[in-house]
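S.K.: Questions regarding the structure given below will be posed in turn.
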Amino acid sequence: ISPFFLCLVFVISPLSKKVVDGTKSRKVKTSHLLRIDEHDFTMRPAFAGPAVPVGVDVQVESLDSISEVDMDFTMTLYLRHYWKDERLAFPSATNKSMTFDGRLVKKIWVPDVFFVHSKRSFIHDTTTDNIMLRVFPDGHVLYSLRVTVTAACNMDFSRFPLDSQTCTLELESYAYTDEDLMLYWKSGDESLSTDDRISLSQFLIQKFHTTSRLAFYSSTGWYNRLYINFTLRRHIFFFLLQTYFPATLMVMLSWVSFWIDRRAVPARVSLGITTVLTMSTIITGVNASMPRVSYIKAVDIYLWVSFVFVFLSVLEYAAVNYLTTLRDGKDRKLREKSQTLPCTCGMPHTKTMMLDGTYSEEDANSLAGYTRASMVAEDISDKQEQMVVHLSLDNESTGTKKKGIRGFRIIQNTHTIDTYSRMIFPGSYILFNLIYWCVYC
């Protein structure tokens, strides 16, 4: 081989040799590459220096449930942290990042973010811990985990079920105050993203938005706190079918008794008791699925007013039955007494009234509009003195008397009570519904 050819080989071979990235070398361990053993990662980056900026963004995967009884909600989300730790910087010719699983998290410093007012939370571990750590050559770190959290939500049920609820998920550093760690939303409102397929059976998700402010603890100081706010509006159709329509039908069913003969006691009593018990069952069922709050809810107003209408229909029949009994008793006594009166045949426009010991002479003289025809005193076997008075009716005075006792006759006429109830009860209930739905809708 000529010397010229050998020189050419030695010159070209270094140029054609592939540059090897140190980050892809199998011989270099992660702990050596990131120099984990050379630093104390129990301390935050830039210890004793300015606060470490930690950006946060959240992707909501699902809103699993809303519980009115426990006043909480359950949410599954991806929580991502962004910060810079120069102790993790490493050389890389291609400027590519390295991705690790949850095993490396235990060896380095990570922000100690927790959920304020959370009741339960856990990191998913199927099939392995759902934790991802990505380190960039300049020391920037991305720390992501998939977590499900159940947090408290203060709900106001004064307008239930025509209500809207606003719940908040709060994030905060547990140990580091704002002087050591500055927690902030990485991209403002765009730091929160949601899946368009998120839906709830009883609620319509109106909007998600983020806020941040400082929280103060008297014993430890000021902390940065991040808020995930979302507003839920309840679907009313479910409660219309399960609560409002049955209650309305029970009230309307109680009105049927107004068209049933007042002498049909078993039919009207059983109908009234059935509607009352059904309304009680509806009220109990609604309250069983609600927390025991000390204020009146919108559904309580509707159900209890409906219950009052049903109960009043039962009382209406009780009054009708009582007055019917009184009138039947008076008619029976009048028939018994009329059998002892002498014949008044041939006397035009007359009416006979027997005055026994319960009627005084003054009462007999005060009967306006009647002309006294005759008065006969008779001795009865039991020596009770009775006065039989034959009263002749005057046409003009009869009309005046009818006007004077018209109001009393309405009360005595049980058929008239049912007639008025057929108009008053439906009209009042319709007016109540108009006011109710105008106020709460």
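The values are calculated or read from the model by the stated rules, or taken from the named source; none is laboratory data. Just so it is clear, the model here is predicted, and its values are computed rather than measured. Neighbour counts are summed over all protein chains in view; Cβ atoms, including those assigned to glycine, are modelled from backbone coordinates with ideal geometry. In case anyone asks, the SASA skips ligands and DNA or RNA and just uses the protein heavy atoms, side chains included. Shrake-Rupley method; radii C 1.70, N 1.55, O 1.52, S 1.80 Å.
S.K.: Tell me, which residue of region 145-194 that is of a type in the set (Asp, Glu), in contact with a Phe, Trp or Tyr (Cβ under 7 Å, 6 or more places away or on another chain) and open to solvent by 10 Å² or more (accessible area, probe 1.4 Å) is modelled with the highest pLDDT?
M.R.: It comes out as Glu170.
S.K.: Just to be sure before I move on: is Arg197 among the basic types (Lys, Arg), in a loop (DSSP other than H, G, I, E, B) and either surrounded by fewer than 19 Cβ atoms within 10 Å (Cβ to Cβ) or touching a residue at least 24 places away in the same chain (Cβ under 8 Å) (or both) in the structure I sent? So that I can check it myself, show each step before the final result.
M.R.: Details: among the basic types (Lys, Arg): yes; in a loop (DSSP other than H, G, I, E, B): yes; either surrounded by fewer than 19 Cβ atoms within 10 Å (Cβ to Cβ) or touching a residue at least 24 places away in the same chain (Cβ under 8 Å) (or both): yes.
Taking the combined requirement at face value, the residue satisfies it.
S.K.: Working only within region 200-228, note down all residues that are within 19 Å of Thr166 (Cα to Cα) and assigned to a loop (DSSP other than H, G, I, E, B).
M.R.: Step one: of region 200-228, the residues within 19 Å of Thr166 (Cα to Cα) are 200-213, 225-228.
Listed by number, the residues that qualify are Leu200, Ser201, Gln202.
S.K.: In region 401-441, what residues are modelled with pLDDT under 95, surrounded by 12 or more Cβ atoms within 10 Å (Cβ to Cβ) and either hydroxyl-bearing (Ser, Thr, Tyr) or outside any helix (DSSP H, G or I) (or both)?
M.R.: Within region 401-441, Asn413, Thr414, Thr416, Thr419, Tyr420, Ser421, Tyr440 meet the criteria.
S.K.: Looking at (1) touching a His at 6+ places or on another chain (Cβ under 9 Å); (2) modelled with pLDDT under 95; (3) of a type outside the set (S, T, N, Q), can you tell me which one Ile228 breaks?
M.R.: Every listed condition holds for Ile228 apart from (2).
S.K.: Here's another thing I want to ask about it. Among the residues of region 233-264, how many are open to solvent by 60 Å² or more (accessible area, probe 1.4 Å), farther than 30 Å from Leu204 by Cβ and assigned to a helix (DSSP H, G or I)? Working first, answer last.
M.R.: Initially, region 233-264 is screened for residues open to solvent by 60 Å² or more (accessible area, probe 1.4 Å), giving 233, 235, 237-238, 241-242, 245, 249, 252-253, 256, 259, 261, 263.
Checking the rest, the ones that are also farther than 30 Å from Leu204 by Cβ come to 252-253, 256, 259, 261, 263.
Checking the rest, the ones that are also assigned to a helix (DSSP H, G or I) come to 252-253, 256, 259.
The qualifying residues number 4.
S.K.: Name the pairs: first residue in region 419-431 and among the charged types (D, E, K, R), second residue open to solvent by 50 Å² or more (accessible area, probe 1.4 Å) and assigned to a helix (DSSP H, G or I), Cβ to Cβ under 9 Å, at least 6 apart or on different chains?
M.R.: Listed pairs, sorted by first residue: Arg422/Trp259.
S.K.: State which residue pairs qualify: first residue assigned to a helix (DSSP H, G or I) and inside region 268-290, second residue of a type in the set (Asp, Glu) and open to solvent by 60 Å² or more (accessible area, probe 1.4 Å) in any location, beta carbons under 9 Å apart, and separation of 6 or more residues or different chains.
M.R.: Close Cβ pairs satisfying both conditions: Arg268/Asp261.
S.K.: Examine region 100-109 for a residue that is in contact with a helix residue (DSSP H, G or I) (Cβ under 6 Å, 6 or more places away or on another chain) and touching a residue at least 40 places away in the same chain (Cβ under 8 Å), and state whether such a residue exists.
M.R.: Checked region 100-109: at least one residue is in contact with a helix residue (DSSP H, G or I) (Cβ under 6 Å, 6 or more places away or on another chain) and touching a residue at least 40 places away in the same chain (Cβ under 8 Å).
S.K.: Tally up the residues in region 292-305 that are touching a residue at least 40 places away in the same chain (Cβ under 8 Å) and surrounded by fewer than 14 Cβ atoms within 10 Å (Cβ to Cβ), please.
M.R.: Total satisfying the criteria: 2.
S.K.: Now a separate question. Which residues, counting only those in region 84-107, are touching a strand residue (DSSP E or B) at 6+ places or on another chain (Cβ under 8 Å) and either surrounded by 13 or more Cβ atoms within 10 Å (Cβ to Cβ) or farther than 12 Å from Arg134 by Cβ (or both)?
M.R.: Lys84, Asp85, Leu88, Phe90, Ser97, Met98, Phe100, Gly102, Leu104, Val105
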